[in-house]
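Report on one structure; see the data block that follows.
The values are calculated or read from the model by the stated rules, or taken from the named source; none is laboratory data. Not measured: the values here are computed from a predicted model. Here the Cβ positions follow ideal geometry from the backbone for every residue, glycine too, while neighbour counts run over all protein chains shown. What goes into the accessible areas is simple: the full protein's heavy atoms, side chains included, and nothing from ligands, DNA or RNA. Shrake-Rupley method; radii C 1.70, N 1.55, O 1.52, S 1.80 Å.
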Amino acid sequence: MAKNWIITGGNGQLGRAFVEAVAASPDDVLLGAPDHAALDIADPEAVKRFFGELSETPSVVANAAAYTNVDGCESERELAYRVNAEAPELLARASRDAGAKFLHVSTDYVFPGDGTRPYRESDATGPLTVYGASKLEGECRVAEADAGAIVARTSWVFGHGKNFISAILGQVALRRSGEVSGPLAVVADQKGRPTYAVDLASALRDLEAAGASGLFHLSNDGEATWWDLARLCVDEAGAPELVVERTDTDASARPAPRPLYSVLDCSKARAHGVALRDWRDATRAYLHSPASPLAQGAG
Ligand SMILES: NC(=O)c1ccc[n+]([C@@H]2O[C@H](COP(=O)([O-])OP(=O)(O)OC[C@H]3O[C@@H](n4cnc5c(N)ncnc54)[C@H](OP(=O)(O)O)[C@@H]3O)[C@@H](O)[C@H]2O)c1
């Protein structure tokens, strides 16, 4: 049966991946994918107007919009809560009232990072940051507003746009051009699961198609440090000679503390038949895709 999709935050990494997946599917219709300028999800009147003016009834609303600047959230607490906590509730209510399934995305940063095995959905949370706390409140508000919604925590997302990989490849390019010399230094004591936005969008679509609801963990498989991810990208960019030094979290003072260990256990999604490939394969697929910074001349 054809499904009518709305994707909020249509210009972000996940938003773009969703739009491409829906556009490529003969069974799906994209009713709208407003970017931030077209729809501020934190503006209740704008959300009401947007849903009121839809030409057709949506079947699925996927929220890919969020305030994702983890350090920025520390100094813009109110904005973080409006976008990451209050707005998802608004969207969940509007979707429920329209009879649509609501898909929402949260983060591994809801966890404190002192775990010794991958975090399950049922594990105690304990965000270290305003970003993590605002996203956690968003999860709770969505679950309360719409018990049929899917809320998926993910981690270390890369896709079309600015991200850790594009930053690393930018550094490679600067060294190749001679503008900068010396080794790269990358944090090697934080462990998580890098996740390709394309795989995440596909997994969310599969969970929706499977009739799932509730809280899930969705990340690419395996474990990595930021150093591991950087090393793979530098090698794939054809610069194996470039030295990538290991640093630790303490050496890089940032406004928001990062969890040292935020590997997500994705076995609940796997039990619903949804599993993402290994992060190394996903990273290579991204690097060799048209959206990759390599395809756009970086590295
Ligand atoms: N990126 C990660 O590493 C990561 C890790 C874990 C979880 N997540 C979660 O995964 C989801 C997708 O993240 P992503 O990586 O695709 O993020 P992204 O690339 O930063 O995209 C987020 C989009 O949301 C838009 N946006 C921000 N405030 C908005 C508002 N008030 N109204 C409408 N749109 C707004 C942004 O537009 P502007 O840029 O124009 O403001 C941006 O296009 C988010 O829920 C995020 O919290 C991400």
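Would you mind classifying the stretch 190-264 by shape? Square roots of the alpha carbon gyration tensor eigenvalues, ordered a ≥ b ≥ c; an a/c under 1.5 is rounded, otherwise it is prolate if a/b is larger than b/c and oblate if not.
Oblate shape, in that a/c is at least 1.5 and b/c is the bigger or equal ratio.
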Review point. For V60, what accessible area in Å² do you get when you roll a 1.4 Å probe over the heavy atoms of the protein chains, rounding to the nearest 10?
Key: 0
Exercise for review: Please name which of Q190, L207, A173 has its Cα lying farthest along the dipole of the stretch 169-218 towards the positive end, using unit charges on Cβ (Lys, Arg +1; Asp, Glu -1) and the Cα centre as origin.
Suggested key: A173
Review point. Using alpha-carbon positions, what is the distance between the centroids of the stretch 193-223 and the stretch 225-245, in Å?
Key: 26
Review point. Does the stretch 90-221 come out rounded, prolate or oblate by the C-alpha gyration tensor, with a ≥ b ≥ c the root eigenvalues, rounded set by a/c under 1.5 and, if not, prolate when a/b is larger than b/c and oblate if not?
Key: prolate
Review point. What residues from the stretch 185-227 fall in the zone where the backbone N is under 12 Å from a label point 7 Å along the Cα-to-C-beta line of E245?
Key: 185-187
Review point. Against the longest alpha carbon principal axis of the chain, how many degrees, from 0 to 90 and to the nearest 10, is the axis of helix 226-236 turned?
Key: 80
Practice item. Please work out the ratio of the alpha-carbon Rg of the chain to 2.2 N^0.38 Å and round it to two decimals. Key: 0.99
Revision key, fill the gap. Filtered hits (lysines, Cα-Cα < 19 Å from K48, offset >= 8 within chain) -> K101
Study note, to complete from the structure: Everything considered on the Cα gyration tensor (a ≥ b ≥ c; rounded for a/c under 1.5, else prolate if a/b is larger than b/c, else oblate), the stretch 1-57 must be described as oblate
Check your understanding: If you line up the long axis of helix 87-98 against the longest principal axis of the chain, both from Cα atoms, how many degrees apart are they, to the nearest 10?
Key -> 40
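Subtract the Cα-Cα distance of E144 and R117 from 0.36 nm times their separation in residues, and report this length gain in nm to one decimal.
Length difference between fully extended and current span is 6.9 nm.
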